[in-house]
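Down below is the structure, laid out as structure tokens.
Just so you know, all these numbers are worked out from the coordinates, no wet-lab data involved. Since we're looking at a predicted model, the values are computed, not measured. Glycine also receives a Cβ, built like all others from the backbone with ideal geometry; neighbour counts cover every protein chain displayed.
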Amino acid sequence: MRIWKIVIVLLLVLGPVVLAMKEDDKDPKAKYIRENYAKYEFEIPMRDGITLFTKVFVPYDKSQTYPILLLRSPYGGWHGADIYMPWIGPSSYFEREGFIFVLQNVRGRFRSEGTFVDMRPQDAHRKGPEAVDDATDTWDTIDWLVNNIPGNNGRVGIWGQSSDGYYATVGSINSHEALKAIAPEAPIADLFFDDFHRNGAFALSMGFLFLDTFDHFPEGKHSYSPDALELPTHDGYQFFLDLGPLSNVNRKYFHGERPFWNEMIAHPNYDEFWQSRNILQYLGDTVPETLIVGGWYDTEDLYGPLMTYKTMSRNNTKENVRIVMGPWRHGQWSKDKEGSRMGEADNGFDTSKWFQERIYLPFFKEHLKGGEESGLARATMFDTGADRWQRFEQWPPKIIEDKVLYLNASQTLSSIKPTENGSYSEYISDPNKPVPQSKFIEDIVSNLWDPEYMTEDQRFAARRPDVLLFETEPLLEDQTLAGDIAVNFYFSTSQTAADLVVKLVDVFPFKDENTNQLDLETGNRHELVRWGVIRGRFRNSMSKPEPFEPGKATQVAFELYDVFHTFKRGHKLQILIQSSMFPFLDRNPQKYVENIFKAEPEDFVKAVHRIYHDADHPSRITVHELPK
């Protein structure tokens with residue numbers, strides 16, 4: 001070990017002289033990093049003998065010691081000690097502040113040894129000291145870094161987005177004493193609810209084109225990109241409609257070579273395969289200071305940050321777990337000069353810059369550098385209707401009040417419960433002509449999970465005959481919703497299977513309330529605030545699906561993920577109900593089959609769906625209102 005340390009010291013002393021000679025004039029960000037950081041590559045040993053490939057960036061300035069900021073990731077690239085990347089930290093603010101940045105490929109990815117298992121069960125602590133998982137790899141990595149990288153101050157932080165955010169969360173499990181702070185950003189918490197599934201419905205476009213991170217590729221093959229698949233069209237709606245049932249995917253494109261796809265086919269229900277990959281069950285008393293970050297408009301991982309925060313907070317005896325939720329798409333909080341808008345929603349100012357300057361960098365400076373107390377609230381949340389940040393002692397706030405809104409025969413939402421019987425609204429759902437997820441779905445590559453649909457004007461859907469609409473009267477005063485939206489409907493179908501997609505929509509007035517003139521920009525805009533889905537077979541259990549009895553009114557209850565949104569005076573709160581959102585979600589055949597991944601064309605049938613709204617079947621939503 002002493003010789004190993006001498007080698008590292010020589011590299012750190014002599015390396016900067018050589019590496020500084022090469023400049024990257026193509027990318028100014030990479031050039032800045034090259035001018036200020038020396039890059040080294042190491043194979044860090046784990047307790048079972050395998051090594052993990054690790055890039056270390058050390059500041060040239062040796063006037064002080066630096067904390068280590070670690071990113072563990074299944075992604076790769078930029079290998080070579082003389083190859084610099086345009087980023088090494090959460091943002092340019094961190095790179096200019098100065099840390100020792102460490103980027104490591106997790107077990108089994110790229111140049112790291114071992115076998116990759118996506119979201120492997122974190123149960124090594126139950127199996128003995130020689131067992132390994134992602135948590136033990138994190139511990140071993142931190143222990144090696146603080147003992148072998150000269151110039152570190154003995155404090156370590158972990159950050160990461162999405163899959164990397166999961167690895168940041170993992171760091172809190174039996175954490176190393178040097179790990180002082182973690183920031184899981186849009187962390188995956190449970191793959192049956194994050195990313196590829198939404199309450200049992202399969203996220204088709206994302207799952208078909210975005211499995212590269214989760215697959216184990218055949219020898220010599222590293223990607224199944226859209227170009228590599230030789231798709232016949234880039235019209236996403238048309239492509240997936242022509243593809244037909246999911247049983248055609250292997251027949252036409254993957255040919256059984258995509259392991260993670262095959263695993264999803266084999267596990268259509270929430271069984272042990274998925275349950276063991278739910279990291280929430282392993283989150284106990286979190287020791288490091290924790291800042292969970294998410295975006296209200298994150299189409300990939302909204303479940304993860306909300307559930308990670310709720311689980312850590314519930315299981316924790318200290319007040320060291322915080323959450324920030326902003327008006328952002330996936331990862332937008334780390335982008336330069338991109339925080340003023342998200343799709344059609346105007347945030348009013350650069351919220352990403354505000355977050356980086358006021359919250360993110362101060363958090364790590366406080367806990368890794370001993371800087372000034374950041375004074376961060378337990379919950380810093382952005383109100384997407386009023387375009388303002390608010391601070392709370394917890395999320396959801398303690399002071400919220402439940403408000404029940406009933407669906408009525410006149411297509412209205414009101415607090416008045418129906419008193420008559422025999423009332424329902426119905427629509428015909430045709431899986432061969434599904435409701436589009438967006439009015440912009442022509443490009444299979446860029447628009448299929450384009451997050452801008454998360455704020456899109458919903459008039460294109462509201463005016464379809466296979467979409468039901470219920471809304472309040474224009475509000476007489478501002479109404480702020482905070483927390484989840486509980487859906488409790490009475491539903492029937494003429495067939496045996498169905499999906500229910502529910503959208504919460506903010507309907508803008510025709511006229512500007514200040515000038516009383518027609519608003520040509522946002523007049524009558526139907527802005528999507530939140531949507532959610534339940535695959536009807538999972539209405540009672542995600543593990544044990546069951547068909548509907550044709551024609552029988554059946555209670556279906558589930559939750560839309562949290563919102564923090566002010567519906568302004570003069571606006572209307574609207575609920576849309578539909579049974580498809582294609583091609584973001586796969587099509588439900590509507591004829592019950594044991595495994596939708598194996599459905600055949602003849603299983604896809606039209607159905608008459610009904611939503612009941614009478615005295616015996618009071619369909620309703622429950623919202624949580626923040627008092628003024």
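Worth pointing out:
- Cα-based shape type of the chain, given that a ≥ b ≥ c are square roots of the gyration tensor eigenvalues and the cut on a/c is 1.5: prolate
- When the trypsin sites (Lys or Arg not before Pro) in segment 517-599 are filtered for DSSP coil states and for at most 12 other beta-carbon atoms within 10 Å of their beta-carbon, the remaining sites are Lys552.
- Among Lys398, Lys335, Lys353, a tally of other beta-carbon atoms within 10 Å of each Cβ gives an order, fewest to most, of Lys398, Lys335, Lys353.
- 0 to 90° range, to nearest 10: angle between helix 2-19 axis and the chain longest Cα axis: 80
- Extreme residue, positive dipole direction of segment 243-309, given options Tyr303, Ala266, Leu243 (C-beta unit charges): Leu243
- Helix 134-148 axis, angle to the chain major axis (alpha carbon atoms, nearest 10°): 30
- Cα-Cα over 31 Å, subset of Lys439/Lys598; Lys127/Lys598; Lys439/Lys511; Lys31/Lys62; Lys433/Lys598: Lys127/Lys598
- Potential lengthening between Asn516 and Lys598 on full extension [0.36 nm per residue; Cα-Cα distance subtracted]: 23.9 nm
- Residues Ser247, Ser205, ranked from the fewest to the most other C-beta atoms within 10 Å, line up as Ser247, Ser205.
- Cα shape, segment 401-626, gyration tensor, a/c 1.5 rule: oblate
- 3J(HN,Hα) along segment 601-609, derived from phi through the Karplus expression 6.51 cos²θ - 1.76 cosθ + 1.60 where θ = phi - 60°, amounts to x, 5, 7, 8, 10, 5, 8, 9, 9 Hz, with x in place of Gly and Pro.
- Those GluC sites (Glu not before Pro) in segment 341-372 that DSSP places in a loop and that have at most 14 other beta carbons within 10 Å: Glu372
- Cα-based shape type of segment 259-339, given that a ≥ b ≥ c are square roots of the gyration tensor eigenvalues and the cut on a/c is 1.5: oblate
- Net length available on complete extension from Tyr93 to Ala131 is 9.9 nm, with 0.36 nm assigned per residue and the Cα-Cα distance removed.
- Ascending count of other beta-carbon atoms within 10 Å, so fewest first, for Ser543, Ser162, Ser414: Ser543, Ser414, Ser162
- Residues Asn248 and Asp48, FRET efficiency given R0 of 35 Å [Cβ-Cβ distance, rounded to 0.05]: 0.25
- Projected-area average for segment 121-180 over all orientations - Cα convex hull basis, square nanometres: 4.4
- Each peptide among 265-278, 290-303 gets the average number of other Cβ atoms lying within 10 Å of its residues, and from highest to lowest they stand as 290-303, 265-278.
- The chain: angle of helix 303-314 to the longest principal axis, Cα-based, in degrees nearest 10: 70
- Helical contribution to [θ] at 222 nm, DSSP H n ≥ 4, -39,500 (n - 2.57), averaged over the chain, rounded to 500: -5000 deg cm²/dmol
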